[in-house]
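Note sheet for the following structure.
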Amino acid sequence: MTRRSCAICVVGLICAVLLVSGIGLILGHVFRTVMHNRLKKEIVLVEGSRVFESWKTPPPPVYMEFFFFNVTNVDAFLGEGAKPVVNQVGPYTYREYRYKDNVSMVEDGKKVSAYNTKSFVFLREKSVGDPAVDNITTVNIPAWAVMNKVKGSFFKSSMVSIWMNSLGSGLFTTRTVDELLWGYEDPLLARIAPSNPDVEKVFGLMYKKNGSNDGEFVYHTGEQNYLDYGRVETWKGQSQLSFWTSNQSNSINGSDGSAFHPLLEKNERIYIFTPDLCRSIHMEFEKDVEVKGIPAYRFTPPRSVLASKEENPANEGFCVTPQECLGTGLLKVSPCRKGAPVVASFPHFYLGEDKFAAAIGGMSPKREHHQTFLDLNPTTGVIVRANKRAQVNILMSRVSGFPKTRGLNDTVFPVMFLNESVVIDDASAARVQKLLLIVTVVSNFPLIIVGLGAIMLLVLIILLVRAHKQKNEVKRTVFTKPIYATSNDEDTSYSPVSDKEKDDPQNGTYIGLTPKGDPQA
């Protein structure tokens, strides 16, 4: 066997091995399965894992923006029944520092408990003004909370009405942004507090939320099942809520919004438990996006989350009474707000019935400004960008025993909305990109093998073609020149030496070689 034949055989063998093994690995998803299993083992909430420290102390900066609705026609609204008009003031931006406190492993390391502590620092350069100076005219929430608490009791209603008149507590109030957020002593609450230990004399939308937590959470680590990574098991020691009227509505589903399992699918429904809303909500895939070079799936809450019981019968459990089912886009959270007529919605009543935005002058719902969304990298489950947006409203209506409310129709009045946002920082993005590169290379290693096999196949084809050409050339070659010839064909002529010699049977036939042009020829 020639050297060329050996080379063809070796190349053919290598080509066959590469193609067969590569295609087999692709069909069997071997390397992809190995890589996914590795991710499932590394992305767990246990000490020393790849994500544990960043889960306890998230590195990307979180910003909390507050937007207030300043009422511009209080007298016309109360006295003439005019449509209320508001103008949006904000943002007042705070850097939100969050970390998990008192972290401890429970149930033999299968679960982990922690407190989510948050603190806020004002950022003047990202705000429209000074919260200590800027005044906002808005609904007097403490007054409405007290009126709703005592309605139905003629004696209590009469007493509170007298106190409100004597203290000058109206249906609206003007306070600074700082007071509305972090608290002020309300005269009506101060009057009631001494005789009712459950009532605090200080009110604020974020009162006692700076440097505090929402209570103890117990999470699944994800070691037993990667789909349970970060899932809330209990909150404040309870696996079920008690605010609503059905088990489904009281269920604590999903994570707390800070961790999501790896290997996400587009057809998944993501659940998040939100203490601020006193319930779990779900989010669905909307579109593919990219943040700092990292591919991500965008998940958003659909209209059905806050849909009426007519649109979504599963939401009937959120109606404590039939009167508290307010329609699509609203959720009355009175049961977990000490009976105060607080209504949650998306900003500007986005995804709600048109009538709610139409009832208030200055409302203009827009998806790009008012949508809540999560951008998650599907491979790792890491949050690369998020905007959590929610609006606080007060339900204003006639309250028996309070003459000031006589001319009011049921109105869901916006007070303020918040936007809690985060974008992955550059250092974290670089780590995610590096991990994704490793995952991609390892998962696609069979393709590399097939690619090498294809290259070897091309080399084999070239060798076979060249060998075939050379074989055909050998067959076509005609040897007409003796090996001892020393002159060129064109310089040599062939002639018999003589007729005699030519005809001599003993001597045979002789051919003489004489140069062209020889006179003896």
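Any residue in the stretch 324-335 that is closer than 20 Å to residue 388 by Cα, in contact with a Lys or Arg (Cβ under 6 Å, 6 or more places away or on another chain) and surrounded by fewer than 22 Cβ atoms within 10 Å (Cβ to Cβ)?
No: the stretch 324-335 contains no residue that is closer than 20 Å to residue 388 by Cα, in contact with a Lys or Arg (Cβ under 6 Å, 6 or more places away or on another chain) and surrounded by fewer than 22 Cβ atoms within 10 Å (Cβ to Cβ).
Among the conditions (1) of a type outside the set (S, T, N, Q); (2) farther than 30 Å from residue 111 by Cβ; (3) touching an Asp or Glu at 6+ places or on another chain (Cβ under 9 Å); (4) buried (at least 17 other Cβ atoms within 10 Å of the Cβ), residue 289 misses just one, which is (4). Candidates in the stretch 297-318 are the residues that are touching a strand residue (DSSP E or B) at 6+ places or on another chain (Cβ under 8 Å) and within 19 Å of residue 244 (Cα to Cα); of these, the one that is surrounded by the fewest Cβ atoms within 10 Å (Cβ to Cβ) is 305.
Taken over the stretch 60-79, the criterion of being open to solvent by 60 Å² or more (accessible area, probe 1.4 Å) and either acidic (Asp, Glu) or out of contact with any strand residue (DSSP E or B) (no Cβ under 6 Å at 6 or more places or on another chain) (or both) is satisfied by 75, 78, 79. The requirement of being of a type in the set (A, V, I, L, M, F, W, C), more than 20 Å from the chain's Cα centre (by Cα) and at positive phi is not satisfied by residue 319. Applying the criterion of at least 1 residues that are open to solvent by 30 Å² or more (accessible area, probe 1.4 Å), closer than 30 Å to residue 232 by Cβ and of a type in the set (Phe, Trp, Tyr) to the strands (runs of 3 or more DSSP E) found wholly in the stretch 82-178 leaves 86-106, 111-122. Starting from residues that are in contact (Cβ under 8 Å) with a residue 60 or more places away in the chain and on the phi > 0 side of the Ramachandran plot, keep the ones in the stretch 255-282 and report whichever is surrounded by the fewest Cβ atoms within 10 Å (Cβ to Cβ). Applying the filter and picking the extreme gives 263. Residue 271 meets each of the listed conditions (1) at pLDDT below 95; (2) closer than 24 Å to residue 332 by Cβ apart from (1).
Among residues of the stretch 340-360 that are at negative phi, those with a Cβ under 8 angstrom from a residue that is assigned to a helix (DSSP H, G or I) and among the polar types (S, T, N, Q), sequence gap 6+ or separate chain, pair up as 340/148; 340/334; 341/148; 341/334; 342/334. With respect to the conditions (1) outside any loop (DSSP other than H, G, I, E, B); (2) closer than 26 Å to residue 389 by Cα; (3) at pLDDT below 95, residue 258 falls short on a single one, namely (1). Only a single criterion out of (1) assigned to a helix (DSSP H, G or I); (2) at pLDDT below 90 is not satisfied by residue 50, namely (1).
Taken together, the criteria place residue 33 among residues that are free of Cβ contacts under 8 Å to residues at least 12 places away in the same chain, more than 19 Å from residue 220 (Cβ to Cβ) and open to solvent by less than 70 Å² (accessible area, probe 1.4 Å). In the stretch 184-217, the residue that is nearest to residue 278 (Cα to Cα) out of those that are of a type in the set (Phe, Trp, Tyr) and either open to solvent by less than 30 Å² (accessible area, probe 1.4 Å) or assigned to a loop (DSSP other than H, G, I, E, B) (or both) is 217.
Please determine whether any residue of the stretch 242-252 is part of a helix (DSSP H, G or I), under 30 Å from residue 36 (Cα atoms) and in contact with a helix residue (DSSP H, G or I) (Cβ under 8 Å, 6 or more places away or on another chain). So far as the stretch 242-252 goes, no, none of its residues is part of a helix (DSSP H, G or I), under 30 Å from residue 36 (Cα atoms) and in contact with a helix residue (DSSP H, G or I) (Cβ under 8 Å, 6 or more places away or on another chain). Evaluation of residue 86 against the conditions (1) modelled with pLDDT of 95 or more; (2) out of contact with any Gly (no Cβ under 7 Å at 6 or more places or on another chain); (3) β-branched (Val, Ile, Thr) shows that the sole unmet condition is (2). Is it the case that residue 415 is outside any helix (DSSP H, G or I), among the aliphatic types (A, V, I, L, M) and either at pLDDT 75 or above or under 55 Å from the mean Cα position of the chain (by Cα) (or both)? Yes: the conditions hold for residue 415. Only residues that are in contact with a Pro (Cβ under 8 Å, 6 or more places away or on another chain) and of a type in the set (D, E, K, R) were counted in the stretch 194-233, giving 1. Each residue in the stretch 418-442 was checked for being assigned to a strand (DSSP E or B) and open to solvent by 70 Å² or more (accessible area, probe 1.4 Å), and 0 of them qualify. For the stretch 218-225, the criterion of being in a loop (DSSP other than H, G, I, E, B), closer than 30 Å to residue 340 by Cα and not β-branched (Val, Ile, Thr) is met by none of the residues. Counting the residues of the stretch 331-380 that are part of a loop (DSSP other than H, G, I, E, B) and within 29 Å of the chain's Cα centre (by Cα) gives 16.
The set of residues in the stretch 53-83 that are at pLDDT 90 or above and of a type in the set (Gly, Ala, Ser) comprises 54, 76, 82.
The values are calculated or read from the model by the stated rules, or taken from the named source; none is laboratory data. Every value quoted in this text rests on a predicted model; they were computed, and no experiment measured them. Cβ sites come from the backbone with ideal geometry, for glycine too, and all protein chains shown count toward neighbours. Side chains included, ligands, DNA and RNA excluded: accessible areas come from the protein's heavy atoms. Shrake-Rupley method; radii C 1.70, N 1.55, O 1.52, S 1.80 Å.
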